[in-house]
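Input: a single structure, listed below in structure tokens.
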Protein chains: 2
Amino acid sequence: MKLEGLSLIGHGTARPKGEPMHPINPATGEALEPAYHWADLEDVDRAAQLAWQAFRRFRLFPAGARARLLRRIAEQIEAHGPEIQQRAHLETALPLPRLQAETARTCHQLRLFASLIEQGWCWDARVDHPDPARQPVPKPDVRSHLIPLGPVAVFSSSNFPLAFSVAGGDTASALAAGCTVIVKAHQNHMGTSELVGRLIQQAVRECEAPEGTFSLLFGRGTEIGQALVRHPMIKAVGFTGSRKGGRALMDAAAARPEPIPVYAEMGSINPVFLLPGALRERADAIASGLHGSVTLGVGQFCTCPGLILAPTGPDTDRFLEKLSQQMANTPTGVMLTSELCAAYHAGVEACLKIPGVRRLTPPLAQADPVGTRAAAALLVTTAEVFLAHETLMEEVFGPSTLVVLCTDRSQLLEIAERIEGQLTATIHATPEELLEARDLVQALELKVGRLVFNGFPTGVEVCHAMVHGGPYPATSDGRSTSVGTRAILRFLRPVCYQNFPDAALPEALQEKNPLGLLRIVDGRPELGRPDNPVAG
Amino acid sequence: MKLEGLSLIGHGTARPKGEPMHPINPATGEALEPAYHWADLEDVDRAAQLAWQAFRRFRLFPAGARARLLRRIAEQIEAHGPEIQQRAHLETALPLPRLQAETARTCHQLRLFASLIEQGWCWDARVDHPDPARQPVPKPDVRSHLIPLGPVAVFSSSNFPLAFSVAGGDTASALAAGCTVIVKAHQNHMGTSELVGRLIQQAVRECEAPEGTFSLLFGRGTEIGQALVRHPMIKAVGFTGSRKGGRALMDAAAARPEPIPVYAEMGSINPVFLLPGALRERADAIASGLHGSVTLGVGQFCTCPGLILAPTGPDTDRFLEKLSQQMANTPTGVMLTSELCAAYHAGVEACLKIPGVRRLTPPLAQADPVGTRAAAALLVTTAEVFLAHETLMEEVFGPSTLVVLCTDRSQLLEIAERIEGQLTATIHATPEELLEARDLVQALELKVGRLVFNGFPTGVEVCHAMVHGGPYPATSDGRSTSVGTRAILRFLRPVCYQNFPDAALPEALQEKNPLGLLRIVDGRPELGRPDNPVAG
């Protein structure tokens, strides 16, 4: 495919305007072709108007037709996999095998949402039968299910150029819900975004979805991003990125005449609690696993474990020795941008300025003309120092982690209660220790979206039970997840029909349950047909 | 029970402070005993700290124990029904039969949530089994369900002193979810609030729920209400009242360092669409039904139908004649407060200032020394005038309605698309007309929480499928409902367990499904035991 450097609006492109911007190869610092023209407010308005008009038709598409669109997008991405991965590699410096795996994940997500809406147990269909004889007033017939909110603005992440970007989880779940989508591309991988965007544009055409079901805008978050979130036709927002960026969108959305939900996933420090029995049995294996998890993708994961809590003692000494060796021997990596890399160095330095924080790994020694190269960093301190410095509780985005040594169990618990909301917390323990650590598990349940036992937080499984969310500031809204099929609920709301004739009801609510859906009937779950056909 | 005029904090009362305020009997203007002392910021903090401490234990109570608390509250309210109703009658001027029905509704709500959590299909329990052999990485065991958010601040309504107040739907659904509750009593029915609050306090003690599971504060919304919403220990807000009051809480909650969800139900004009066939067949019956619905409770319902759309023609003339007769013959009623009554008169006058709006009913003739007496008002205008004046699209809280005459069907549709978000919309039509009016139904689905066919919007059935919600500004959050069992979802969020040993999992997620819950297992719904026992 030939890249044009223009936003995609409906079936066409935006006109070239203003001074175009070149994407930068973070490994070499060279400018990549083509240059990209920023969208302007007129483009935002056109995309939003089209998205609203398209929504009115697209939401009424049978689930089977929306599933076909999702599958077609996946097929197209697979067919153009090598081209997409090559471009993403140039724009992000992420290695090709990682980008291949991310392509597979992206297509799996699209197909999982396709099968979800075909099965249809996600629509929360409910039927309450009438009772005309009830005293003092007759009981009406009441039925309800979930319908889509409207056009959704999706803000791509920098660190997942595919799985959390143009055709990523937010787009997949919004389209599955019946919403139309406007993606604000991330400026760090504009070519990758255009490639994937063109494939979605083509799939929309092929599946005869209305023009405006999908648009893709290039531009600055502070300008067209804010304009998108403020546009009256936009009814929800998905975002993956920094806390500052996410909060700015939350504030803009809350200040609208009609406030709208913002689902911002803003990352966290993902604490790992090491209990004595586990360290005794597996100090080396835990060190190796954590090393892999901290340095994976140059630490550029929102689930990167940035905080490790361990009891003082010989097993922890052994663990620390092993981990510091592995961290010190880690080859330096190229981060996504020089800005992120500078922020990484500044974050590590800020921690080191605190008396009582030591660094166990050497600083970057290699020449770094582009300013994107990061060395893995292992810091260590005590629970007292940690609890006295909020700086140490903040995320440092990159391949670093801080080990906090606790002299007793109460410090561990105190830290669990003091930390902010997190995407994940991990406990390494023997099964017996875990059962005895109920207080720790209960404290962490109030802080996180996902609890991991004897594993590592990176690698978020795309499945039905996954929760990739958590209390603020890990996300804007701990009631939601951005990974897994529960993500569709972010873009749905209930609507209820009272005393409607059967023929006038949506199929999902008709008496004979023609779609074979799971429903709550008079307060009892009913499965529908066990193997219901493709809905619609 | 003897009223003391003090806020209830945990198992005790707040100390008397400041100048106490007497509730006013709106029918006579007389001050009622006792006077009430306002809570101060210290009381708010104490209640919130207690609520947080209590939450940590209460959320872990088995569902069966929480259900017993809800049922005990219902029993207590029934046992003291006449005393509560008598006091509510003095404070609100609502007739005793209405207050008896509202008591029954309140107790039904409490029991419905008790049986809901005993059955447990509301916890969205999900299990994804592992696959250790999967390539390139093993698939983990992932399980998740919903847990409560934390302490909830509930703001009572003025118009439902029982069902949307101290032991109302917000309190019932929050306690069922496992949240603890602080109610901000409405100043218009403080004695009723204290009576019900004391019964809840007693039930909390009897059921051995932790102190702080429930508190009740008297005070001004602008002061202690704002302080409650800003308190870091409060994690969600339920509110029923005016748009101005609800928006103020939404803004305060969104501006917190940790933003929290606000579920504000702010009322609407509940449009009623009359199609020609229905008018031809039932003009008189529709007029009578609408008269009853508009004037019920002196029009003080958030589902009061304040807008009626009808085609010009002889059937509508007949309908209007009948409706205007009935409205004119309606005895005047006493509104809840002189402020609400003044706002009602001002609202009607503002409409009448618009050229082309006529009043078909006489203004209030009766002497009204207290300033709480309202006469029913029927206004009429054309679609052109309506569409040109946003004032006519705003709620007038009280026994008035505006009939808008449409010369053709496109005006009906245009109005359906122009109105703001609504709790309800109603269509009167023949079944054939309804099928042909798909475009109208589809336009209204995007505007409302509930569509009523050939009925009237007042009388919100408390059941599983009910949606008492709708897009902003009907509510703060169209994804939710404040009536029906779906209301529990407002106070829950998902948490996920990865690779946990079975014994360390919450019972809801253990492999053998000991609670017999509906679960999604590997993407397929499973009923659990068809007649699962009382959970826990």
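The values are calculated or read from the model by the stated rules, or taken from the named source; none is laboratory data. Please read these numbers as outputs of a predicted model, since none were measured by experiment. Backbone-built Cβ (ideal geometry, glycine too); neighbour counts: all protein chains shown. Accessible surface is based on the protein model in full, side chains and every heavy atom, while ligands, DNA and RNA are left aside. Shrake-Rupley method; radii C 1.70, N 1.55, O 1.52, S 1.80 Å.
Determine, yes or no, whether A:Gly246 is within 14 Å of another protein chain (Cβ to nearest Cβ) and in contact with a strand residue (DSSP E or B) (Cβ under 7 Å, 6 or more places away or on another chain). Answer is yes for this residue. Only residues that are within 43 Å of the chain's Cα centre (by Cα), at the interface with chain A (Cβ under 10 Å from one of its Cβ atoms) and not small (Gly, Ala, Ser) were counted in the range B:119-139, giving 9. Here B:Arg87 qualifies as closer than 24 Å to B:His11 by Cβ, buried (at least 23 other Cβ atoms within 10 Å of the Cβ) and among the charged types (D, E, K, R).
Looking at A:Pro533 and the list (1) within 31 Å of the chain's Cα centre (by Cα); (2) at pLDDT 95 or above, which single condition is not satisfied? So the condition that A:Pro533 fails would be (2).
Do we find that A:Ala508 is in contact with a His (Cβ under 9 Å, 6 or more places away or on another chain), closer than 21 Å to A:Ser144 by Cα and either open to solvent by 30 Å² or more (accessible area, probe 1.4 Å) or more than 9 Å from every other protein chain (Cβ to nearest Cβ) (or both) in this structure? So A:Ala508 fits the description; yes.
Among the residues making up the range A:317-333, those that are open to solvent by 20 Å² or more (accessible area, probe 1.4 Å) and within 28 Å of A:Ile24 (Cα to Cα) are A:Thr330, A:Pro331, A:Thr332.
Scanning the range B:208-233 for residues that are open to solvent by 10 Å² or more (accessible area, probe 1.4 Å), part of a helix (DSSP H, G or I) and modelled with pLDDT under 95 yields B:Gly221, B:Thr222, B:Glu223.
The single residue among A:Gly470, A:Gly528 that is at pLDDT below 95, outside any helix (DSSP H, G or I), on the phi > 0 side of the Ramachandran plot and more than 7 Å from chain B (Cβ to nearest Cβ) turns out to be A:Gly528.
Identify, please: which residue in the range A:78-108 is polar (S, T, N, Q) and within 14 Å of chain B (Cβ to nearest Cβ) and is, among those, farthest from A:Leu492 (Cα to Cα)? The qualifying residue farthest from A:Leu492 (Cα to Cα) is A:Gln100. Looking across the range B:94-148 at every residue that is in contact (Cβ under 8 Å) with a residue 12 or more places away in the chain, acidic (Asp, Glu) and more than 30 Å from B:Ala374 (Cβ to Cβ), the one that is least open to solvent (accessible area, probe 1.4 Å) is identified as B:Asp128.
Here is a check on your reading of the model: is B:Arg479 at the interface with chain A (Cβ under 10 Å from one of its Cβ atoms), without any contact (Cβ under 8 Å) to a residue 24 or more places away in the chain and part of a helix (DSSP H, G or I)? The answer is no for B:Arg479.
Among the residues of the range A:487-503, is there at least one that is of a type in the set (D, E, K, R), without any contact (Cβ under 8 Å) to a residue 12 or more places away in the chain, more than 7 Å from chain B (Cβ to nearest Cβ) and open to solvent by 10 Å² or more (accessible area, probe 1.4 Å)? So far as the range A:487-503 goes, yes, one or more of its residues are of a type in the set (D, E, K, R), without any contact (Cβ under 8 Å) to a residue 12 or more places away in the chain, more than 7 Å from chain B (Cβ to nearest Cβ) and open to solvent by 10 Å² or more (accessible area, probe 1.4 Å).
Within the range B:273-296, is even one residue polar (S, T, N, Q) and either at pLDDT below 95 or not in a helix (DSSP H, G or I) (or both)? Scanning the range B:273-296 turns up no residue that is polar (S, T, N, Q) and either at pLDDT below 95 or not in a helix (DSSP H, G or I) (or both).
Count of the range B:451-467 residues, restricted to those that are within 12 Å of the chain's Cα centre (by Cα) and more than 9 Å from every other protein chain (Cβ to nearest Cβ), is 2.
For the range B:417-446, a residue qualifies if it is among the basic types (Lys, Arg) and either on the phi > 0 side of the Ramachandran plot or more than 10 Å from chain A (Cβ to nearest Cβ) (or both), and exactly one does: B:Arg418.
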